[in-house]
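The values are calculated or read from the model by the stated rules, or taken from the named source; none is laboratory data. In this text the structure is predicted, and so the values were computed from the model without any measurement. No Cβ is skipped: glycine too gets one built from the backbone with ideal geometry, and neighbour counts run over all protein chains shown. These accessible areas exclude ligands, DNA and RNA; they are computed on the full protein's heavy atoms, side chains included. Shrake-Rupley method; radii C 1.70, N 1.55, O 1.52, S 1.80 Å.
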Amino acid sequence: MQKTPEKYQTLIDAETWSFIRQTETWYPADAIDFSIARQRKIYDAMCREFYQGHPPGIQTEDVFIDSADYQIPVRHYTKEGSTADTRVIYFHGGGFVVGGLQSHDDVCSEICSVTGYPVSAVDYRLSPEHAHPAAFNDAMAAVESLAKGNLILCGDSAGGNLAACVSHAVRGRAAIAKKILGQVLIYPGLGGEMSEGSYITHAHAPMLTTQDIRFYSMIRTGGVMVSGDPTAAPLHDTDFSDLPATIVVSAECDPLSDDGKHYCSKVHDGGGRAQWFNETGLVHGYLRGRTTVKRARLSFERILGCIEMIGNGGWDY
C-alpha cells in the first residue's frame, strides 16, 4: 500500500483527517482488493455510520421507472408546503460499483429541504454485473421519464459523470434539452487524461487514488478501454456547445480535481456558462463529512446555493 505523501499533513486540516480516519475504519484504503460483494457490504456499513436522517417535513416515495430492459428504482423527495416545480435528479457516487438509494438518502433529503425543490434519486444498475452503457442508459431513461418540467441534473463522483453524460446526449432532443436548466457536478470523474495533472500530483491522495480510478474505470466497462465515447467520458466529446449552465465542485486533494477544471473550460469555450470550484484541503467523498468538517459544510452550502440559483434562473458567476 502506498504511503500517504507528507504534503497532505499541511494541505488537509485536523477535522478532515478525523473524517478520513473514521471513513477508513469502515472502508479501508485497500478496499479495491476486496471482492465486489465485500466492497458493497462495507460501503453500505460506512454510509450507515455517517447517515444523518431526514430534516423535518420531508416526504419520500419509492417508485419504478420503466426502461427498455430494466425497472429503475427511483426515490422521490418532496418538502411539505413547497410549491417549487423545478426537479433535481440526483445520481449517486460509488465508482459505478457501490451505492444506491440509501447511500445518499440523507444528502438528497437535505437538498430537498434547503432548496424546496423536489428531488428524484436514481438507482441505476451497477458494474460488474451490468457493464457500460447500462448505468448511462438508466440515467437517460430516468431523465426522459421525469422531463415533464424543469430539471437540474446533479450527482457526485460517478453520479456527476452520469449527469454530464446525459447533458451531452440530450442536446439533439430539444424537448428534453430545453428543460435542463443546469448541472451541478460534485467531484466528478469526467474521463480526464490519467498521465498528467492532478492524476499525477494527487495520485496517492487519501480517500481516492489514481489506481482506484483505473480499477473502477475498467470494472465499469467490463475490462475494455473506452475512448472517444462521451456517454462514458464527457471530456472525450468533440462538441461542448449548447450545454446547460454548469457548476463543478471539486476537491483539491483528489486525482479527479483537474477533470472539473478542464470540463468547465471546454463548456465555456463552447459558448456556455460554467464555473469551477476547487475546494481547498478537501478530499474525495467529503459530502459525508459535512456535519463534522467545517470546510465540507461550507462546500455543501455552496452546492445547495448553486442548485437554488440555477433553479431560480439566475447566474451569479
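Computed quantities for the displayed model
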quantity	calculated
Candidate set from the range 204-247 (those that are open to solvent by 20 Å² or more (accessible area, probe 1.4 Å) and among the small types (Gly, Ala, Ser)); member that is nearest to GLY159 (Cα to Cα)	SER217
Given (1) in contact (Cβ under 8 Å) with a residue 12 or more places away in the chain; (2) open to solvent by 20 Å² or more (accessible area, probe 1.4 Å), index of the condition ALA163 fails	(2)
Subset of the range 78-111 that is among the charged types (D, E, K, R) and modelled with pLDDT of 95 or more - its residue that is most open to solvent (accessible area, probe 1.4 Å)	GLU80
Residues within the range 171-201 that are within 18 Å of ASP229 (Cα to Cα) and either without any contact (Cβ under 8 Å) to a residue 24 or more places away in the chain or surrounded by fewer than 23 Cβ atoms within 10 Å (Cβ to Cβ) (or both), tallied	4
Search result, residues across the range 60-93 that are over 17 Å from GLY311 (Cβ atoms) and touching a Lys or Arg at 6+ places or on another chain (Cβ under 9 Å)	THR60, GLU61, ASP62, VAL63, TYR70, ILE72
Residue list for the range 30-39, filter: open to solvent by less than 60 Å² (accessible area, probe 1.4 Å) and either over 22 Å from the mean Cα position of the chain (by Cα) or without any contact (Cβ under 8 Å) to a residue 60 or more places away in the chain (or both)	ASP30, ALA31, PHE34, GLN39
Pairs with Cβ under 8 Å, 6+ apart, first in the range 287-303 and of a type in the set (Val, Ile, Thr) and open to solvent by less than 50 Å² (accessible area, probe 1.4 Å), second at pLDDT 95 or above and in a helix (DSSP H, G or I)	VAL293/GLU15; VAL293/THR16; VAL293/SER18; VAL293/PHE19; VAL293/TYR286
Residue in the range 94-106 that is assigned to a helix (DSSP H, G or I), more than 15 Å from the chain's Cα centre (by Cα) and more than 25 Å from ASP212 (Cα to Cα) present	no
Residue check, GLU49 in contact with a Pro (Cβ under 9 Å, 6 or more places away or on another chain) and either modelled with pLDDT of 95 or more or surrounded by fewer than 13 Cβ atoms within 10 Å (Cβ to Cβ) (or both)	no
Evaluation of GLN59 against (1) open to solvent by 60 Å² or more (accessible area, probe 1.4 Å); (2) part of a helix (DSSP H, G or I); (3) free of Cβ contacts under 8 Å to residues at least 40 places away in the same chain (one fails), failing number	(2)
Unmet criterion (only one of (1) touching a residue at least 60 places away in the same chain (Cβ under 8 Å); (2) open to solvent by less than 40 Å² (accessible area, probe 1.4 Å); (3) not aliphatic (A, V, I, L, M)) for PRO133	(2)
Residue in the range 62-72 that is modelled with pLDDT of 95 or more, crowded, with 17+ Cβ neighbours inside 10 Å, closer than 28 Å to LEU256 by Cβ and out of contact with any strand residue (DSSP E or B) (no Cβ under 6 Å at 6 or more places or on another chain) present	no
Output for the range 267-286, where each listed residue is in a helix (DSSP H, G or I) and touching a residue at least 40 places away in the same chain (Cβ under 8 Å)	TYR286
